[in-house]
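Contents: one structure, followed by commentary.
The values are calculated or read from the model by the stated rules, or taken from the named source; none is laboratory data. Worth saying up front: this structure is predicted, and the values here are computed from it rather than measured. For neighbour counting, all protein chains shown are included, and Cβ atoms are generated from backbone atoms with ideal geometry for every residue, glycine included.
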Amino acid sequence: MTFDLENLYTAAVTGGFLVASLAAILSWTQRSSVTLGFFFAVFAISEADTAASVLLLEMPQSLRDGMELAGFAANFFIMPLFLFYVRELTAAPETGRIGSGAHFIMPGIAVVFVWGVLLLPAEIREAWYSAITGPSNPPGLGALRAGFDMLTIAMVLQWLVYVVWIARTQAQHIARLKDHFASTEGLELRWVAVLACAMGIYAVQSLVGEVLILLSRHDPIGPVLDSLMVLIMVIALCLWGLRPSRALEVATQALTVTMDPSIHKYEKSALGPEQAERIARKLLRAMRDDRLYRDPNLTLGALAQQVGVSPNYVSQTLNQRLGISFFEFVNSWRVREAIPLVAAGEQTVLAIAYEVGFNARSSFYTAFKKETGLTPSAYKKAGSAGPVVVQSRDRARVS
């Protein structure tokens, strides 16, 4: 590394370790999330050996070995803890046959390996760290290297699997939100998928660095990029995770109380076809006569209370009878009122969006295009050719 890269590397490593350590302490003292606190703690442990190596000129070899191996094992805990934290945020139900303990099988194997290495004679560890090769190698060195290489590859695969898992959990969260909330801005946690992907990139980059080391190739940029990515990821999670959103907390509580696992959501329901038909007509009248969709904070529970039906029956009617989610049902009525206003061109798009119940321009554009096939501006330009015919699913199925 050049002098400038050395300084950047030192600053990034030190910053990542200190920020993660401080974030762990804040998570526990503020009681925001125990899981998030453990996540930051293992992240700090994973960086502790690197931070110590750049900050401390002298360190006992046994302590250095212990910190490096502890950091290696800590990497296996990061993604399972992040998944658990995402599940807390989204109130995601347990699905499948994989219990919570199964997530820590691979981390457990890493811990056993680390303890096994620490109990080996010092000359074997020294030969491994210094990459000594030759006929005089201590016995067991080859197995030690093979075990470390296999676990390194396993760690990268673990991270990549959890990236997909976390992104899928976040996507399911969005789908569940749309069964209960007419507006989901600020609740969708899209940053979770972005951060998970960044972690996957970091894992792949770390694997590339290990391969270059095995090939005896010098990589001056890799360590700097690794340390910068760690710092950015930790800071990003601090900004998102340590600032609890009241709206998100309310949404999480609502999902925890009312949502069943989606596969069996209506399995024991006593709702019959005729009753579902009556509920559907009540829902349409509530929208047409009372214009409930104009409330940007409309929820499934509020709509159910208005029509005098349980939220589960309203949800089942929308999903099975009308083939539409609560979110889509409400927004289709909002767009329906917005269409003539857009065509008239007397108000701004944002003013129209707020008037009909949307609380963000982006959500209005998305819903309008889904309903009409055109953006509001394109629809206005096409107005001279006649209105666009909109056939919503709820109108097509219920007269």
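If the condition is being hydrophobic (A, V, I, L, M, F, W, C) and outside any helix (DSSP H, G or I), then the range 304-320 contributes only 309.
From the list 32, 21, 27, exactly one residue is crowded, with 18+ Cβ neighbours inside 10 Å, among the polar types (S, T, N, Q) and out of contact with any Ser or Thr (no Cβ under 8 Å at 6 or more places or on another chain). Which is it? Don't jump to the end; show me each part of the working.
Numbers: 32 fails: crowded, with 18+ Cβ neighbours inside 10 Å; 27 fails: out of contact with any Ser or Thr (no Cβ under 8 Å at 6 or more places or on another chain).
So the residue among 32, 21, 27 that is crowded, with 18+ Cβ neighbours inside 10 Å, among the polar types (S, T, N, Q) and out of contact with any Ser or Thr (no Cβ under 8 Å at 6 or more places or on another chain) is 21.
As a summary of the residue check, residue 31 satisfies the conditions (1) in a helix (DSSP H, G or I); (2) more than 12 Å from residue 85 (Cβ to Cβ) except for the one numbered (1).
Among the residues of the range 351-362, count how many are part of a helix (DSSP H, G or I) and either modelled with pLDDT of 90 or more or touching a Leu at 6+ places or on another chain (Cβ under 9 Å) (or both). Steps first, answer last, please.
Keep residues of the range 351-362 that are part of a helix (DSSP H, G or I), which gives 351-356, 361-362.
With either modelled with pLDDT of 90 or more or touching a Leu at 6+ places or on another chain (Cβ under 9 Å) (or both) added as a condition, the list becomes 351-356, 361.
Total meeting the criteria: 7.
Assess whether residue 38 counts as being at pLDDT below 90, among the aromatic types (Phe, Trp, Tyr) and not in a loop (DSSP other than H, G, I, E, B). Spell out how you get there, then give the answer.
Numbers: at pLDDT below 90: no; among the aromatic types (Phe, Trp, Tyr): yes; not in a loop (DSSP other than H, G, I, E, B): yes.
So residue 38 fails the test.
In the range 274-320, the qualifying residues are those that are more than 21 Å from residue 353 (Cα to Cα) and touching a Pro at 6+ places or on another chain (Cβ under 8 Å), and the one that is surrounded by the fewest Cβ atoms within 10 Å (Cβ to Cβ) is 301.
Would you point out the residue of the range 321-350, among those that are in contact (Cβ under 8 Å) with a residue 24 or more places away in the chain and not in a helix (DSSP H, G or I), that is surrounded by the fewest Cβ atoms within 10 Å (Cβ to Cβ)? Applying the filter and picking the extreme gives 323. Counting the residues of the range 230-249 that are at pLDDT 80 or above and either out of contact with any Phe, Trp or Tyr (no Cβ under 7 Å at 6 or more places or on another chain) or not aromatic (Phe, Trp, Tyr) (or both) gives 10. Selection within the range 378-399: residues that are surrounded by 13 or more Cβ atoms within 10 Å (Cβ to Cβ) and farther than 15 Å from residue 332 by Cα. The member of this set that is modelled with the lowest pLDDT is 383. Just name the residue that is nearest to the chain's Cα centre (by Cα) out of those in the range 347-377 that are among the aromatic types (Phe, Trp, Tyr) and within 20 Å of residue 288 (Cβ to Cβ). So, considering only residues that are among the aromatic types (Phe, Trp, Tyr) and within 20 Å of residue 288 (Cβ to Cβ), the one nearest to the chain's Cα centre (by Cα) is 358. Among the residues of the range 93-109, those identified as in contact with a helix residue (DSSP H, G or I) (Cβ under 6 Å, 6 or more places away or on another chain) and either crowded, with 21+ Cβ neighbours inside 10 Å or free of Cβ contacts under 8 Å to residues at least 40 places away in the same chain (or both) are 103, 107.
Quick check on the range 325-342. Is at least one of its residues of a type in the set (Phe, Trp, Tyr), modelled with pLDDT under 90 and within 22 Å of residue 297 (Cα to Cα)? Before you say what the answer is, go through the steps one by one.
The initial filter retains those residues of the range 325-342 that are of a type in the set (Phe, Trp, Tyr), namely 326-327, 329, 333.
Still in the running and modelled with pLDDT under 90: none.
For the range 325-342, residues of a type in the set (Phe, Trp, Tyr), modelled with pLDDT under 90 and within 22 Å of residue 297 (Cα to Cα): absent.
This table checks each residue for (1) among the small types (Gly, Ala, Ser); (2) over 22 Å from the mean Cα position of the chain (by Cα); (3) closer than 21 Å to residue 229 by Cβ.
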site	(1), (2), (3)
11	yes, yes, yes
15	yes, yes, yes
25	no, yes, no
45	no, yes, yes
54	no, yes, yes
69	no, yes, no
81	no, no, yes
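For the range 47-54, the criterion of being in contact with a Ser or Thr (Cβ under 6 Å, 6 or more places away or on another chain) and of a type outside the set (D, E, K, R) is satisfied by at least one residue. Residues of the range 153-183 that are buried (at least 17 other Cβ atoms within 10 Å of the Cβ) and either polar (S, T, N, Q) or in a loop (DSSP other than H, G, I, E, B) (or both): 158, 169, 170, 178, 179, 180, 182, 183. Pairing residues of the range 40-67 that are assigned by TED's automatic domain parsing to the domain that holds residue 22 with residues that are surrounded by fewer than 18 Cβ atoms within 10 Å (Cβ to Cβ) and assigned to a loop (DSSP other than H, G, I, E, B), at Cβ distances under 7 Å and at least 6 apart in sequence or on separate chains, gives 52/59.
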